Each structure stands twice: as C-alpha cells, then as structure tokens.
C-alpha cells in the first residue's frame, strides 16, 4: 500500500485475513506499531523512494507467509467480535458517568 496517510487501513486487515503479509509506506502510526510488534505480518517502508518500496516487495516475497497464529496475535483484538465487545463496554462506561 503506497499512501501518505491512513488511520487503520482496512486493506491491510483484508490482506492478513487472507494470509498475506503487507508492504506499506509509513502512512499510519497503527500500522507502524503493528509491523514493529509483529514483524512476520508485514513491512513498513519509511522512505518515499519508489525503489525502496519495490525492494521491500521483492524482499517480502522471499519470506514465508505469516502463520494463522501470528496473524491472530497481531490483529485478533481488531476482529469484529472483540472490537464490538470493546465498543459496547465503552458505551456502558459512558452511560454510568
């Protein structure tokens, strides 16, 4: 993904749910944190040089795909069930105030 800014890019989650790693520019603090904490899931390219992004694509293609366990460890809390539960807990907390 080559972008200048993203929040939590849905396309990254979609790729991971299909068992594919991501390669992206440094466009999202969330994505950078994910790559640092779970490097098997993907690569963030900090340079704006297109050849660096191309090199990252080639390098990542030579690495093994992330395992389902690695993917779940990285994005498990962002799946619909846990995310919906956290959202409802937030409403309960706000309602009690």
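Here are some notes:
- Boolean, residue 40 is within 24 Å of residue 83 (Cα to Cα) and touching a strand residue (DSSP E or B) at 6+ places or on another chain (Cβ under 6 Å): no
- Check on residue 97, modelled with pLDDT under 90 and touching a strand residue (DSSP E or B) at 6+ places or on another chain (Cβ under 8 Å): no
- Tallying residues that are surrounded by 11 or more Cβ atoms within 10 Å (Cβ to Cβ), without any contact (Cβ under 8 Å) to a residue 40 or more places away in the chain and not in a helix (DSSP H, G or I) within the stretch 50-88 yields 2.
- Within the stretch 29-49, the residues that satisfy the criterion of being crowded, with 16+ Cβ neighbours inside 10 Å and not in a helix (DSSP H, G or I) are 38, 42, 43, 44, 45.
- Residue 13 being in contact with a helix residue (DSSP H, G or I) (Cβ under 9 Å, 6 or more places away or on another chain) and touching a residue at least 60 places away in the same chain (Cβ under 8 Å): yes
- When the residues of the stretch 13-28 are filtered to those that are farther than 11 Å from residue 71 by Cα and within 10 Å of the chain's Cα centre (by Cα), the one that is surrounded by the fewest Cβ atoms within 10 Å (Cβ to Cβ) is 14.
- Each residue in the stretch 60-89 was checked for being at pLDDT below 85, in contact with a helix residue (DSSP H, G or I) (Cβ under 9 Å, 6 or more places away or on another chain) and more than 14 Å from residue 22 (Cβ to Cβ), and 6 of them qualify.
- For the stretch 1-16, taking the residues that are part of a helix (DSSP H, G or I) and either touching a strand residue (DSSP E or B) at 6+ places or on another chain (Cβ under 6 Å) or at pLDDT below 90 (or both), the one that is nearest to residue 77 (Cα to Cα) is identified as 13.
The values are calculated or read from the model by the stated rules, or taken from the named source; none is laboratory data. Everything quoted here is computed from the prediction, not taken from an experiment. So basically every Cβ, Gly included, is an ideal-geometry build from the backbone, and we count neighbours across all protein chains shown.
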